[in-house]
Amino acid sequence: MKKKLQNIIKFGYQYSVILLILAFWQGLAMTKILPEFILPSPAAVIMAFIKDFSLIMYHTKYTLLEAFIGMSIAITLAFILSLLMDRFQVLYDVLYPPIIISQTIPTVAIAPLLIIWLGFYMTPKVVLVVMTGFFPILIALLDGYRAVDPDSIKLLRSMGASQWQTYRHVKLPASIGYFFAGLRVSVSYALISAVVSEWLGGYYGLGVYMTRVRKAFALDKMFAIIFFISFLSLILMAGVDYLHKTLNRQSYVPRGVKGFKTESIRKK
Amino acid sequence: MPKLELRNISHAFADAPDIQILKDINLYVDEGEIVSIIGPSGGGKTTVFNIVAGLLEPTAGEVWLAGEDITGKSGYVSYMLQKDLLLPFKTVLDNVALPQIIKGKSKKEARTMALPYFREFGLDGTEYKYPQMLSGGMKQRAALLRTYLFEKEMALLDEPFSALDAITKEGIHSWYLDIMKKINLTTLFITHDIEEAILLSDRIYILKGRPAEISESILIDLSRPRDPLSEEVIQMKRKLKAEYLSI
């Protein structure tokens, strides 16, 4: 019970600035300093969300599906590429520059091209999610493999371990913490990429809903959907953290604690 | 026939073939012996070990283990380093069982094989803990158990106790001799600590010079346990130091 109260206090403390902004914003609307059609009040935004709830859920389904398929492919791709690039220096040297360059192209520039090439359905969205989502995971994994103490590898080799066994027993498990750090960034990218891609052309998805309400100047709905997307991102990130915590306690570092240090948690 | 024999080992690294690191190293270790190599840091001791462990192929010479040529082959002798290198994401039991898993045993088999040794190595109760929860001395003991379970014939210990504090070190020395008597492990030991070498070994080789050459072995025929403050040990220390410095 006391713990619960503490949690509530902690929550209030952490989100006090956000709550303050919301209160101020509601105040602006109530005092009619800004007209409702320029800046709808938080209350109006919530009403709009409730009113359009089933429609929003319909679109959410597609966006999440695109993000999910895209992320699955991105994770697989990142693992395969990371293993190949770590194992064969040649592949690392040859693949690293094009991968970096691919990340410097703005997504809003690629998305319309993908739509022209791949149509208005899900494919171009999934492709964009893969393109933005695999990179943070790949880099995190490569860093993870490299952070392994070379003496550990030496020890395993002295035991007669094969290349695969050094990955299986040392490099991969040692990189789990890095992987989840990368995944956390990736999932929020994935959602944004899917929405941007839908925004630029499609039949369904939160991006499509967004363009429609924008064209109707329904700013209350616009705000509702912006907040909803942020909320979804947060949920996804929390999901990643939860997965990390349950799968691999040792490498899980609670938020706010800097660095990768296992000792402090294990000793609890 | 000696257990381990190095015959005329010479080595230079491939990226600097003109700089010879080791020159004509000959040494042997008999069954059940503890033999030390002492020498200055960066003097080629670890290179000798890498060659024996099969991690490096020497430019010339051969490594023989129990009548078999193992030059350049890994997986025949176990190897322990200064760092314990216990994997933080595996329990102590799984860490210790790892060499057997690498050799192709199933996880279950390897665990069953490792469990009975925990008592002997003074590690009961740590089986399902993670290495971070162990003290420095315990970690080294676990690392030694892993070394032993990897290969019971021959172990290479590369300054295994040099990272420990003085008191832990003293304790672990007597523990180490005890356990060695029980498991009868043939050991080649590297250290830069002359006293440690005298306390633990049956014979000592000195590796010195550039390129490094090896001395004749010096027999340490003192009764055990050896007291670091006793006259004999101090005398032996003087003798070795003189030898060590006479280049």
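Things to note:
- Evaluated at q = 0.07, 0.13 Å⁻¹, a Debye calculation over the C-alpha positions of the protein assembly as shown (equal weights, vacuum) places log10 I(q)/I(0) at -0.58, -1.23.
- Axial C-alpha extent at least 20 Å, average Kyte-Doolittle at least 0.0 - helices from chain B (DSSP): B:136-150
- Based on C-alpha pairs under 8 angstrom that are at least 6 apart in sequence, segment A:67-203 has a relative contact order of 39 percent.
- Relative to the longest principal axis of the Cα atoms of chain A, the long axis of helix A:42-51 makes an angle of roughly 80 degrees.
- Each peptide in B:119-126, A:11-18, A:205-212 gets a packing score, the mean of other Cβ atoms within 10 Å over its residues, and the list from highest to lowest is A:205-212, B:119-126, A:11-18.
- Only Lys, Arg (+1) and Asp, Glu (-1) charged, at Cβ; chain A dipole about Cα centre in debye: 1040
- Separation of alpha-carbon centers, segment B:37-90 and segment B:197-239, rounded to whole Å: 21
- Going from the residue with the fewest nearby Cβ atoms within 10 Å to the one with the most, B:Leu149, B:Leu6, A:Leu234 rank A:Leu234, B:Leu149, B:Leu6.
- Rounded to the nearest angstrom and listed largest first, the equivalent-ellipsoid semi-axes of segment B:141-230 from its Cα gyration tensor are 21, 17, 14.
- Computed over chain B, the P(r) tail beyond 32 angstrom holds 21 percent of alpha carbon pairs.
- Counting Lys and Arg as +1 and Asp and Glu as -1 over every other residue whose Cβ lies under 10 Å from the Cβ of B:Glu232, the net charge comes to -1.
- Longest to shortest principal axis, alpha-carbon extents of segment A:182-225, angstrom: 38, 21, 11
- 0 to 90° range, to nearest 10: angle between helix A:122-146 axis and chain A longest Cα axis: 40
- Average other protein chain Cβ within 10 Å of Cβ, residues A:158-167: 6
- Relative contact order %, segment B:78-150, counting alpha carbon pairs below 8 Å whose residues are six or more apart: 49
- Summed residue charge, Cβ within 15 Å of A:Ala29's Cβ, Lys/Arg positive, Asp/Glu negative: -1
- Of all DSSP beta bridges in the protein assembly as shown, antiparallel share, percent nearest 5: 50
- Largest-first principal axis extents of the Cα set of segment A:1-129 (Å): 64, 46, 28
- In loop segments of segment B:163-231 as defined by DSSP, the GluC sites (Glu not before Pro) with at most 13 further C-beta atoms inside 10 Å of their C-beta are B:Glu216.
- Since only A:Leu39, A:Ala238, A:Leu5 are under comparison, the one whose Cα sits farthest along the positive direction of the charge dipole of chain A, derived from C-beta charges on Lys, Arg, Asp and Glu, is A:Leu5.
- Diffusion of segment B:78-150 by Stokes-Einstein, at 10 °C in a medium of 1.306 mPa s and with Rh set to the Kirkwood radius over alpha-carbon pairs, works out to 134 µm²/s.
- For segment A:40-266, the spread of Cα positions along each principal axis, largest first, Å: 69, 43, 23
- Peptide packing for B:103-111, A:188-196, A:215-223 was compared via the average number of neighbouring C-beta atoms within 10 Å per residue; ordered from the highest value, the list is A:188-196, A:215-223, B:103-111.
- Angle in degrees between helix A:16-30 and the longest Cα principal axis of chain A, rounded to the nearest 10: 20
- With the charge dipole of segment B:94-239 set up from +1 on Lys and Arg Cβ and -1 on Asp and Glu Cβ about the Cα centre, the Cα lying farthest toward the positive end among the listed residues B:Ile214, B:Leu145, B:Leu188 is that of B:Leu145.
- Pairwise centroid distance, computed over Cα atoms, of segment A:39-90 with segment A:173-241, Å: 5
Read-outs: derived from the displayed coordinates by stated rules, not from any lab. Remember, it's a predicted structure, so these values are computed and weren't measured experimentally. Note that each Cβ is placed from the backbone with ideal geometry, even for glycine, and that neighbours are counted across all protein chains shown.
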